[in-house]
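Values quoted throughout were computed directly from the atomic coordinates according to the rules given, and no laboratory measurement underlies them. Please read all numbers here as calculations on a predicted model, not as lab measurements. Reconstructed Cβ throughout: ideal geometry from the backbone, glycine too, with neighbour counts over all protein chains shown.
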Amino acid sequence: MNSFELFQRPRRNRKSPSMRSLVQENHLNVSDLIAPLFVKEGTSAAEPIKSMPGQFRYNLKDLIDECGRLQELGVPCVSLFPALSDAFKDKLASESANIDGLFPNAIRAVKEKYPDLLVMTDVAMDPYSSDGHDGLVDSNGEILNDETLPILAKMACVQAEAGSDIIGPSDMMDGRVAFIRQSLDLAGHKNTSIMSYTAKYASSFYGPFREALDSAPKAGDKKTYQMNPANGDEAIREALNDEAEGADILMVKPGLPYLDILFRLKQTTTLPLAVYNVSGEYAMIKAADQAGWLDGESAMLEMLISFKRAGASMILTYFAKEAAQYLKTNSK
Ligand code: PBG
């Protein structure tokens with residue numbers, strides 16, 4: 001083979017672990033991780049969520065303990081969701097305005113115990129809505145946009161008042177970032193951040209989450225507000241709107257089926273980008289791992305680094321604790 005001259009040999013950069021590490025372009029850090037956690041009423045033991053092995057609906061005390069473990073591991077942020085029984089749900093999501101409710105109490109308790117742990121909170125009507133929708137439903141089943149905005153803004157102000165560091169509007173109503181920003185500012189919460197669920201798709205991958213909160217829509221689907229999975233340009237329009245409306249961080253959700261969207265937003269905005277590695281993505285890997293069909297840990301790591309490669313600076317993931325434990329054990 002003397003006559004064969006090969007000048008480009010990409011394999012030279014892969015010849016040993018040290019060489020591979022030297023040329024590695026992206027890294028997963030514990031500081032990239034945001035852990036979603038569910039809090040429920042009462043003091044009964046944590047309830048496992050069947051479709052999300054390793055995830056629980058926590059009572060307040062267990063939630064705080066879990067926050068402590070995450071902080072100890074170096075996870076900088078938790079994203080909290082309330083799991084409310086039907087008694088607390090109505091058409092107007094009234095419970096979301098109750099400053100003494102389960103959720104504000106949980107936010108206050110976590111911030112009191114762990115002031116340096118960032119607390120992100122979700123803004124949408126579904127955990128509090130008897131209709132199971134993110135917006136207000138009228139008698140024809142239409143999801144009303146402008147009428148929903150004051151409800152979301154009130155919810156955001158209550159969460160900010162309780163100590164939330166980052167408001168995460170996940171509802172996909174038009175104009176909600178501007179409306180929430182103005183309301184927060186008027187209420188004196190100028191330093192409360194907004195991480196907008198900018199490109200949130202109408203996805204089957206939210207199934208396990210809806211089981212966790214018992215929040216599936218009672219009628220219809222979410223396709224008049226969440227985005228059509230077939231669309232990419234539309235995500236850019238949403239991003240430009242959210243940026244103009246005052247969002248601090250833009251999010252793409254779900255993650256794995258929408259890596260192209262994340263990559264395109266990276267070329268579009270200079271704002272930090274987040275990705276939500278949602279419940280169904282977690283469930284897929286857990287299920288395959290439990291069946292012995294793939295190695296769950298390496299699949300998790302490969303998935304998480306794909307988000308960094310595509311442009312995310314932070315990842316909301318139910319794998320946060322597991323990934324943090326891995327990074328701690330393997331950082332030498
Ligand atoms: C609702 C909300 C959903 C998720 C986060 N906030 C579900 C939905 O839109 O129906 C999904 C998160 C996940 O699947 O992990 N506003």
**OP:** Starting from the Cα of Lys91, draw a straight line to each of the lysines and keep only those under 18 Å, dropping any in the same chain fewer than 8 residues away.
**Re:** Lys154, Lys218, Lys222
**OP:** Could you check what % of the DSSP bridge pairs in segment 1-155 are antiparallel, to the nearest 5?
**Re:** 20 percent
Original post:
Considering only the other residues whose Cβ falls under 11 Å of the Cβ of Asn59, what net charge follows from Lys and Arg at +1 and Asp and Glu at -1?
Top reply: -2
**OP:** Compute the length gained on full extension between Glu112 and Ala230: take 0.36 nm times their separation in residues and subtract their Cα-Cα distance, giving the result in nm to one decimal.
**Re:** 38.1 nm
Subject >> Qualifying aspartates and glutamates (Cα of each under 14 Å from Cα of Lys89; at least 8 residues distant if same chain) >> reply: Glu41, Asp126, Asp131, Asp134, Asp214
Original post:
Under the classification rounded if a/c is under 1.5, otherwise prolate if a/b is larger than b/c and oblate if not, where does segment 168-215 fall, given a ≥ b ≥ c as square roots of the Cα gyration tensor eigenvalues?
Top reply: prolate
Original post:
Just how large is the dipole of segment 58-189 about the Cα centre, in debye to the nearest 20, putting +1 at every Lys and Arg Cβ and -1 at every Asp and Glu Cβ?
Top reply: 380 debye
Original post:
Could you give the Stokes-Einstein D for the chain in µm² per second, using the C-alpha Kirkwood radius, 25 °C, 0.890 mPa s?
Top reply: 119 µm²/s
Original post:
At 222 nm, what helix-only mean residue ellipticity would the chain give, in deg cm²/dmol to the nearest 500, using -39500 (n - 2.57) for each DSSP H run of four or more?
Top reply: -11500 deg cm²/dmol
**OP:** Report, in degrees rounded to the nearest 10, the 0 to 90 angle that the Cα long axis of helix 320-329 makes with the longest principal axis of the chain.
**Re:** 40 degrees
**OP:** Determine the gain in length on full extension of the stretch Met19-Ala97; use 0.36 nm per residue of separation and subtract their C-alpha separation, reporting nm with one decimal.
**Re:** 22.5 nm
Original post:
Can you tell which of Gln71, Ile180, Ala87 lies farthest toward the positive end of the dipole of segment 25-330, using +1 and -1 charges on the Cβ of basic and acidic side chains (Lys, Arg; Asp, Glu)?
Top reply: Gln71
Original post:
Full extension from Asp86 to Arg210: what is 0.36 nm times the residue separation minus their Cα-Cα distance, to one decimal in nm?
Top reply: 43.3 nm
Original post:
Charges only on Cβ, +1 for Lys and Arg, -1 for Asp and Glu: so what's the dipole of segment 220-275 about the Cα centre, in debye to the nearest 20?
Top reply: 200 debye
Subject >> Angle in degrees between helix 296-310 and the longest Cα principal axis of the chain, rounded to the nearest 10 >> reply: 90 degrees
Original post:
Using a cut-off of 23 Å between alpha-carbon atoms, which lysines can reach Lys15, once sequence neighbours fewer than 8 places away in the same chain are excluded?
Top reply: Lys332
Original post:
When a footprinting reagent is the concern and you count Cβ atoms within 10 Å, what order do Phe88, Phe4, Phe319 take, fewest first?
Top reply: Phe4, Phe88, Phe319
Subject >> For the chain, share of DSSP beta bridges that run antiparallel, in % to the nearest 5 >> reply: 10 percent
Original post:
What angle, in degrees between 0 and 90 and rounded to the nearest 10, separates the Cα long axis of helix 233-245 from the longest principal axis of the Cα atoms of the chain?
Top reply: 60 degrees
Original post:
Label Phe263 and Leu6 with points 7 Å out from Cα along Cα→Cβ: what is the distance between them in nm?
Top reply: 2.6 nm
